[in-house]
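The values are calculated or read from the model by the stated rules, or taken from the named source; none is laboratory data. Note that the coordinates shown come from a computational prediction; the quantities given were computed from them, not determined experimentally. For neighbour counting, all protein chains shown are included, and Cβ atoms are generated from backbone atoms with ideal geometry for every residue, glycine included.
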Amino acid sequence: MLFRALSADFLKIRRKGLWALVIFAPFGVVLLQAVNFGLRYDYLVKQYAEDLWGGLLHNIFMFVPISLFLGCVLVSSLLANVEHGTGSWKQLLALPVSRLTVFSAKFALSAILLACSCLLLAVFSVALGVLLGFGWHFPLTDVLRLSFYPYAGALPMLACMLWLCMTFRNQGFSISAGIVTALASMYLPAKYTWLPLNWPLLAFRGEQGELYIGAGILTGLIIFLLGSVHFGRRDVV
């Protein structure tokens, strides 16, 4: 039943701009570094002479956490607005499908879309390094860590934003709350390791990155369960 609901949601997001967001968000992050290295190539190559790929990944990562948070906001809002915009909640919830299945399918789809975007980030990062002349001997493990460790740390934000966006018909509140939260994450001291907003950063750069990956997955699951219970009891039509 979940697979059928997920398949239906995939069909619904056609021509909704979600796939464009999935593609152009990581492209934009990498493009910023293409401009950065293009303007300061000699300086940066000299600075990172001992580890060119490491220097490139370090610069790309500077924009990964905030991009992930904003991605959570936009993906959740666009996905929820498929139903809000057409007023089709009544018809959807009248089907012989539980609300838990509906909510689970939305969360699974949003997680898949974000994962696809992270995979493209890895591809675009490697492509940029090759174009910059850093060679084909790139650190695959570090590239994948850059793309997916912060993703795991951002799952609580994704679950929370999807909950908000599916609860409130007016997306202005949800988007505003998400953007403010995403911007606030840029100014939080990393020493506050207990804050989920720091977990994408700590998952990649922290000494115990696996700890924050696990915390992100577990907390995201808890928020998802709370959201599904609330969605099952609330009249969202």
*asked:* So if I check each of V82, V73, V97, which one is under 30 Å from R233 (Cβ atoms) and outside any helix (DSSP H, G or I)?
replied: V97
*Would the stretch 164-180 turn up any residue that is among the aliphatic types (A, V, I, L, M), crowded, with 24+ Cβ neighbours inside 10 Å and at pLDDT below 90?*
yes
*Restricting the search to the stretch 114-137, which residues are closer than 16 Å to H58 by Cα and among the small types (G, A, S)?*
A122, S125, A127, G129
*Would you point out the residue of the stretch 193-231, among those that are farther than 14 Å from G153 by Cβ and exposed (fewer than 13 other Cβ atoms within 10 Å of the Cβ), that is modelled with the lowest pLDDT?*
E207
*asked:* If I ask for residues that are on the phi > 0 side of the Ramachandran plot and not basic (K, R), which ones from the stretch 2-40 would you list?
replied: G17
*Is it the case that the stretch 82-97 has a residue that's touching a Lys or Arg at 6+ places or on another chain (Cβ under 7 Å), farther than 29 Å from S185 by Cβ and touching a residue at least 40 places away in the same chain (Cβ under 8 Å)?*
yes
*Residue by residue through the stretch 87-129, note down the ones that are among the β-branched types (V, I, T) and modelled with pLDDT of 95 or more.*
I112, V123, V126
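Condition test on L11, is it touching a Ser or Thr at 6+ places or on another chain (Cβ under 7 Å), aliphatic (A, V, I, L, M) and at pLDDT below 95?
Judged against the criteria, L11 is not a match.
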*When you scan the stretch 1-15, how many residues do you find that are in contact (Cβ under 8 Å) with a residue 12 or more places away in the chain and either crowded, with 18+ Cβ neighbours inside 10 Å or of a type in the set (A, V, I, L, M) (or both)?*
7
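Among helices (runs of 4 or more DSSP H) lying entirely in the stretch 139-237, which contain 3 or more residues that are among the aromatic types (F, W, Y)?
140-153, 209-233
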*Mind checking which residues of the stretch 34-53 are of a type outside the set (F, W, Y), loosely packed, with under 11 Cβ neighbours inside 10 Å and either touching a Leu at 6+ places or on another chain (Cβ under 7 Å) or more than 14 Å from L131 (Cα to Cα) (or both)?*
L39, D42, K46, A49, E50
*Starting from the stretch 150-177, take each residue that is free of Cβ contacts under 8 Å to residues at least 24 places away in the same chain and at negative phi and list its partners that are part of a helix (DSSP H, G or I) and of a type in the set (S, T, Y), counting only C-beta distances under 6 angstrom and pairs at least six apart or across chains.*
F168/S174
*Out of the stretch 102-125, which residues are out of contact with any helix residue (DSSP H, G or I) (no Cβ under 6 Å at 6 or more places or on another chain) and over 22 Å from G227 (Cβ atoms)?*
L119, V123
*asked:* Kindly evaluate L18 against the criterion of being farther than 30 Å from G133 by Cβ and either surrounded by 14 or more Cβ atoms within 10 Å (Cβ to Cβ) or among the aromatic types (F, W, Y) (or both).
replied: yes
*So which pairs qualify, if the first residue must be in the stretch 52-81 and under 30 Å from A105 (Cα atoms) and in contact (Cβ under 8 Å) with a residue 40 or more places away in the chain, the second must be acidic (D, E) and surrounded by fewer than 24 Cβ atoms within 10 Å (Cβ to Cβ), the Cβ gap must be under 7 Å, and the two must be at least 6 apart or on different chains?*
none
